[in-house]
Amino acid sequence: MNDTVFALDIGTRSVVGILGTVTDDSFSVFDYEQRFHKKRAMRDGQIEDIALVAKTASEIKEALGERNGMNLTKVSIAAAGRSLKTLRTTFEQGMNEDKKITSELIRSLEFSAISAALDEFSPDDELLDTYSCVGYDVVSYKLDGYPLATPLGHRGRHIVIEIIAAFLPFSVIRSLYSVTALCGLTVESLTLEPIAAINAVVPQDVRLLNIAITDIGAGTSDIGISKNGSIVAYDMVTFAGDEVTECLMKSYLVDFDTGESIKFKLSKENSLITFTDIMGLSRSCSKEDVLAVIDPVLDSLCSAVAENIVKINGGPPTALFLVGGGSQIPGLPLKMAGKLGIPEDHVTLGGRRPYRNIALHTDKLLTPEYVTPLGIGATSRLTHVHDLFSLTVNGEKLMLPASENVKVLDALLLAGIKASNLMGRTPATVTYYLNNEKKTARGIPPVPGEIFVNKERAALDTPVRQGDEIIVLFAQDGKPPQLSVSGICAAFDGAVLSVTVNDKKVRKDYQVRAGDRVMVSFDSERPASDAASGIFEEPPDIAPVTPAEEPAAEPVTPAEVPDTAPEPPAEEPDAEPDVRVMRICVNGDWKDIPVNDGEPPLFIDMLNFVDIDTKKARGDLILSINGSSASYTDSVLDGDKVDIMWSE
């Protein structure tokens, strides 16, 4: 069961389920099932009736499970390219030439390149949805300036990776997740339909040729291009088989299902097509007559597909494979060749010959209609597709690798938010002496930062998912105590006779500092209004200074989630802070770590003292104190040895 791949191709007209196993770099299919939607539940590759599509998918799951004695719980799926955005970008990184390049490092490079691609979305695009990566391909590697098919096992100083990544709005794929959830299935991998199709039909060694593939389904025609050894472009048009069916409905006065039946019969050998129209009349038409009726629609379809292929490829390709149920209409390859201006024998139907990396248990799967579902199953394991998801942190779009344990903290680290932005600085206390008695004045404590996930209060360990919106309200630093001499005098119950600070007269607005010795003499038998004149130093003959008053701590009102993310508060230096330091060894270097008010720092504070770029993840962060595993909330003591590093 653990080796079984369950793939679902959720199409506009039907759903296809595939069961197979991966052995020796081959995807071996041992069962399949296809069910058609009871009515039109999808348009242009987008699910409209989630419950109806889920019912069809559930029937496939149950049928395959019962036949094979399996409880299917995980599924691999693919999304059509509606609202598709593709970005081609590079990412480069310095290397330690003494270490071999590992598969983990390559994965990290790919992940960083995808994050860089997401950053290229222009803020002027007015994107109304969170975009998620649904697939990518590596275009090239360069190690120290030299191209390599794979850098695995090599050594070098500098590596550059170029990728092409496909992004879809999460609103497009959310419906797919809703269907799988209703079926009791967890999505194991998600890819793009043209990626799955091209992985099935165009093996890696054939991608040196400039080959295009078009998956003509019912709602969309998805396009993929290979060149120079890799996949270099994807695209789609919302013009496909449904337009042909609608043309037949209008021309012959039939319902949608009858139009689909007529279209399906075009690929059969019978020359006469019979059907009943909505008036109840039985009719017969030759295949040639039906093809003549739909010829203008086929012409528009081929023109739209050819135009997009030429645009993303920079010219006509060397060859074109047509796959999908809509590709089987007679004459379509010939018409596509004419639109692209390439030889007729350079356009053919894919999936009609045995595959190089897919073994089939029945020749019934050797048709263009099953290329994409077979490719979804093969892609889920053979190409190690990363299931990535996107979210936003204070408006910044980020990509994270999907995992059951992704927390808010992982997203904040990737966004580069420091611990100090969440915790706030505790102000230094002022210790002074009043009439030789030691006193301590405390300031206004800091207001801790707050975290919201989808406008609900959250914590660092709150799980996050695709499309989540994280807003961080940064902490407000505490304020040092404001203690004026006049404020001290006002606290005495009686008439103040004299006041000195460190044996000197001071102005009434003088702010007491650490170590000051304040001497106040007073007469409790006399009212405060009888205070002696001249007890304070007179201010210069300029605009009067309003004495500072000791502020009262005000209750903190609950924060409201802002529409826009706030900027981190500017840090202001404390007036003569009473701060001591600890000596802590951080990643082998002894550092002086400031400690306020005697409270030991937390492990999360140590992130401010290491040279680690959290936006370029290289695996998991390993945290330890004195050789033992640590958590972010552990206290760090004087003399401790702290290590923070990637698990590459």
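The values are calculated or read from the model by the stated rules, or taken from the named source; none is laboratory data. Worth saying up front: this structure is predicted, and the values here are computed from it rather than measured. A quick note on method: Cβ atoms are made from the backbone with ideal geometry, for glycine too, and the neighbour counts reach across all protein chains shown. Heads up: the accessible areas ignore ligands, DNA and RNA and are worked out on the full protein's heavy atoms, side chains in. Shrake-Rupley method; radii C 1.70, N 1.55, O 1.52, S 1.80 Å.
The simple spin-label model puts a point 7 Å past each Cα toward its Cβ; for A490 and I312 those points are separated by 7.2 nm. Solvent-accessible surface of region 149-265, averaged per residue with a 1.4 angstrom probe and all protein chains in place: 32 square angstrom. Fully extending the segment from L497 to T23, taken as 0.36 nm per residue of separation minus the present Cα-Cα distance, adds 161.1 nm.
Between the alpha-carbon centers of region 288-309 and region 133-199, tell me the distance in whole angstrom. When both Cα centres are located, 32 Å separates them.
Residues whose amide H comes within less than 5 Å of that of K591, counting only those at least five positions distant or on another chain, are I584, C585, V586 (H built at 1.01 Å from N in the peptide plane). In plain terms, the chain from R353 to F36 could stretch by 111.6 nm, reckoned as 0.36 nm per residue minus the Cα-Cα distance. Here's how it looks for F6: its modeled amide H is under 5 Å from those of S76, which are all 5 or more places away or on a different chain. Computed from point charges on the beta carbon alone (+1 for Lys and Arg, -1 for Asp and Glu), the dipole magnitude for region 243-296 about its Cα centre is near 160 Debye. In this structure, the amide hydrogen of R13, modeled 1.01 Å from its nitrogen in the peptide plane, lies closer than 5 angstrom to those of A218, counting only residues at least 5 positions away or on a different chain. Percent of C-alpha pairs per 5 Å bin in region 411-518, short distances first: 2, 10, 16, 15, 10, 8, 7, 7, 7, 7, 5, 3, 1, 0. Please work out, to two decimal places, the log10 of the ratio I(q)/I(0) at q = 0.13, 0.23 Å⁻¹ from a Debye calculation in which every Cα of region 250-349 carries one identical scatterer. With no solvent term, the Cα-only Debye profile gives -0.53, -1.19. For the residue pairs K55/K311; K479/K591; K287/K339; K39/K265; K74/K364; K479/K504, the C-alpha atoms sit more than 29 angstrom apart in K55/K311.
The calculated FRET efficiency for the pair M582 and N96, based on their C-beta separation and a Förster distance of 35 Å, comes to about 0.65. Which residues in region 238-264 have a backbone N closer than 20 Å to a point placed 7 Å from the Cα of I278 along the Cα-to-Cβ line? Only 242-264 pass the distance filter.
Calculate, for E120 and K439, the FRET efficiency according to 1/(1 + (r/R0)^6) with r their C-beta to C-beta distance and R0 51 Å; round to the nearest 0.05. FRET efficiency, E120 to K439: 0.30.
For region 1-107, count all C-alpha to C-alpha pairs, find those more than 18 Å apart, and express that count as a whole percent of the total. Percentage above 18 Å: 62. When only the Cβ of Lys, Arg, Asp and Glu is charged (+1, +1, -1, -1), the dipole of region 182-341 relative to its Cα centre reaches about 420 debye. Using the alpha-carbon centroid of each, what span in Å lies between region 36-99 and region 447-505? With region 36-99 and region 447-505 each reduced to a Cα centre, they are spaced 50 Å.
Taking label positions 7 Å along the Cα-Cβ direction at both D257 and N608, the computed distance is 6.9 nm, reported to one decimal. For region 427-508, a simple Cβ point-charge model (Lys and Arg +1, Asp and Glu -1, everything else neutral) yields a dipole of about 560 debye relative to the Cα centre.
Ranked by the mean number of other Cβ atoms within 10 Å of their residues, highest first, the peptides 187-195, 315-323 fall in the order 187-195, 315-323. Place a label point 7 angstrom from the Cα of L366 along the Cα-to-Cβ direction, then list the residues of region 320-359 whose backbone nitrogen is under 15 Å away. The answer is 349-359, whose backbone nitrogens lie closer than 15 Å to the label point.
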